[in-house]
Each structure stands twice: as C-alpha cells, then as structure tokens.
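The values are calculated or read from the model by the stated rules, or taken from the named source; none is laboratory data. No experiment lies behind these values; they were computed from the predicted model shown. Cβ coordinates were reconstructed from backbone atoms using ideal geometry, including for glycine residues, and neighbour counts include every protein chain displayed.
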Amino acid sequence: MYVCTISSVFQAPRRGIYSFSFHVVKVYNRQTIQVNLMHNEYPIISAFAGDQDVTREAASNSVLLQMEREDKLYLKLERGNLMGGWRYSTFSGFLVFPL
C-alpha cells in the first residue's frame with residue numbers, strides 16, 4: 001500500500017527498495033521538454049523529448065530506488081511545456097522488497 005496526496009507526491013509508507021517508471025508525452029509542441037524524477041527535492045533521473053518535427057513525442061525512464069519511510073517522490077517538468085500532454089502521461093511504482 002502507498003500514499004499519494006492530491007498534489008501527486010508519492011510518500012513511502014516504509015523503508016525499502018522501490019521500482020518507479022514514468023512516460024511523459026508532449027503533444028503539438030515544438031519545444032524540448034525535460035522531466036526529472038525528484039526524490040526529497042533532489043533529481044534522481046531525467047528524460048528528454050526534443051524532436052521538433054513530430055506532433056507527439058514521449059520522454060520515459062525508470063529506476064530502482066532505496067527509500068526511507070516518509071521519503072517523497074514526484075515528477076517535475078524542468079524545461080518546456082506539455083500543452084495538454086499530462087493527460088497521456090503515466091507515473092507508476094511499487095515496493096520491490098522491504099528493508
């Protein structure tokens with residue numbers, strides 16, 4: 001079980017190794033986007049989408065991460081604008097094993 005607040009921040013319910021992945025889509029946007037996965041305010045991994053000649057493009061990445069109880073994790077759009085792409089984007093995770 002996990003807790004996700006209305007602000008879309010995951011808070012770890014227990015210490016353990018977690019698996020997270022995200023897939024962020026930009027739609028009809030000629031800008032480069034950069035998305036960071038943030039762990040307690042610090043970027044852990046990033047993904048980029050920068051092709052200016054397509055109408056849809058995705059930025060994806062995944063990670064195994066050790067988290068302590070109550071650590072926070074969220075996505076941050078560091079660069080660019082998604083212009084409606086959030087509705088096609090996903091962010092998921094699960095506890096691999098407790099420590």
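Computed values, structure above
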read-out: Among (1) modelled with pLDDT of 90 or more; (2) in contact with a Pro (Cβ under 7 Å, 6 or more places away or on another chain), the one test that residue 3 misses; value: (1)
read-out: Residues satisfying the stated conditions in the range 45-85, i.e. of a type in the set (Asp, Glu) and at pLDDT 80 or above; value: 68, 70, 71, 78
read-out: Of residues in the range 86-99 being assigned to a strand (DSSP E or B) and modelled with pLDDT of 85 or more, the one farthest from residue 25 (Cα to Cα); value: 98
read-out: Cβ pairs under 6 Å, 6+ apart, first in the range 55-66 and surrounded by 17 or more Cβ atoms within 10 Å (Cβ to Cβ), second basic (Lys, Arg); value: 57/26
